[in-house]
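Every number in this text was worked out from the coordinates using simple rules, so none of it is lab data. Quick caveat, the model's predicted, so the values are computed rather than measured. Glycine gets a Cβ as well: all are built from the backbone with ideal geometry, and neighbour counts include every protein chain shown.
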Amino acid sequence: MNAPFDASRIRFALHGGAGELPANAGPQDRQRAALRDIAESACRVLREGGSAVDAVTFAVERLELCPLFNAGIGAVLNRDGLPELDAAVARGEDRGCGAVAAVSRVASPIQLARAVMERTPHVLLVGGGAERVAADLGLTMVEPAHFIIPLRLEQLEAAKRTGAIALDHVDDDVPDAAFGTVGAVARDGRGHLAAATSTGGLTNKLPGRVGDSAVFGAGTFADDSSCAISCTGTGEAFIRAAFGQNVHGRIVFRGQSIDQACAAALDDVRRANGVGGCIAIGRDGTISLPFNAGVLYRAWVDQSGIAKVAIRRDDAG
Ligand code: ASP
């Protein structure tokens, strides 16, 4: 399909992770402001004629630079105290996809994921090999320390004391803690869909562990015939639920609405002992933002063109 540009088709959503907030949590004003600002900027990209892929990679790159979330700078740390970052981008037009996993030296993992999609014949590159390709492609390289903030070192120490491998954000002692994984979904003015996700994964994870964010058809998915999806939560459960492909199949083969399909796939996540949520945009522009955790940091722009932000279930947006 190469439809003419029509700004009324534009839809956008992003997330900054799902999890539990301690009862004494503050209003999360900094996180809300960042989500709103980035959602509005990404919509400008779409209104100026940018593609869905342009908008989701733009938003996720901005979120990677923001230390309030678990991606890029401020990512959580593995058992060895190292950031090992996962990211993926998916293009609905042709099911294009690029992903990277367990990288520690690439300034923007989502930029590298996009480069894998657009500039290599591959879909998923990992670790040292991915980093060599990033350097060869001229992307900005950094030392792992570039990503580490003191809060994540404290969270790693706390997780080690109990032996937990933790979703990044459950932290009673830090009421205004940096939050979760980031992702974005968009429908552009030509009706094409795209999704992108970036994360540090789980605190105290084993070295080499790869989560759902980097797995096309699990935590990141886009197909113009159904929907675009970015997930957050217990990555192993989202992979076992084949979340993105699960939602796609329910829409295409069972005729379910995007809300029904996401809810059913989230049930599969729960059955796999997982918690979390997703942001999704259907091919008809419907936005679905379901979660089975306490909170989902989210912002979205529907047909009204106005950005809304919510964290708790009953937030007005
Ligand atoms: N889903 C991510 C992972 O398992 C973590 C998260 O969303 O917080 O890597």
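Quick rundown of the values:
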read-out	value
Scaled radius of gyration (Cα, divided by 2.2 N^0.38 Å) that the chain gives	0.89
Pair ARG79, ARG119: separation of 7 Å Cα→Cβ label points (nm)	3.4
Chain lengthening between ILE165 and ASP314 when straightened (0.36 nm per residue, less Cα-Cα)	50.8 nm
Packing-based ranking, highest mean first, of 209-222, 290-303, 49-62 given that Cβ atoms within 10 Å are counted	209-222, 49-62, 290-303
Kirkwood hydrodynamic radius (C-alpha pairs) into Stokes-Einstein, the stretch 1-153, 10 °C and 1.306 mPa s, D in µm²/s	95
nm² value of the averaged projected area, convex hull over the Cα atoms of the stretch 173-278	7.8
Length-normalised contact order for the chain - Cα pairs under 8 Å, 6+ apart - percent	26
Unit charges on C-beta of K, R, D, E only; dipole of the chain, Debye	440
Contour minus Cα-Cα distance for GLU48 and ARG30 (0.36 nm per residue)	3.8 nm
Distance histogram for the stretch 63-210 (every C-alpha pair counted, 5 angstrom bins, percent rounded to whole numbers)	2, 11, 20, 21, 18, 13, 8, 5, 2, 0, 0
Mean Cα-pair separation over length for the stretch 256-317, i.e. relative contact order, pairs under 8 Å, 6 or more apart, %	24
Computed helical MRE - 222 nm, the chain, DSSP H runs ≥ 4 contributing -39500 (n - 2.57), nearest 500	-10000 deg cm²/dmol
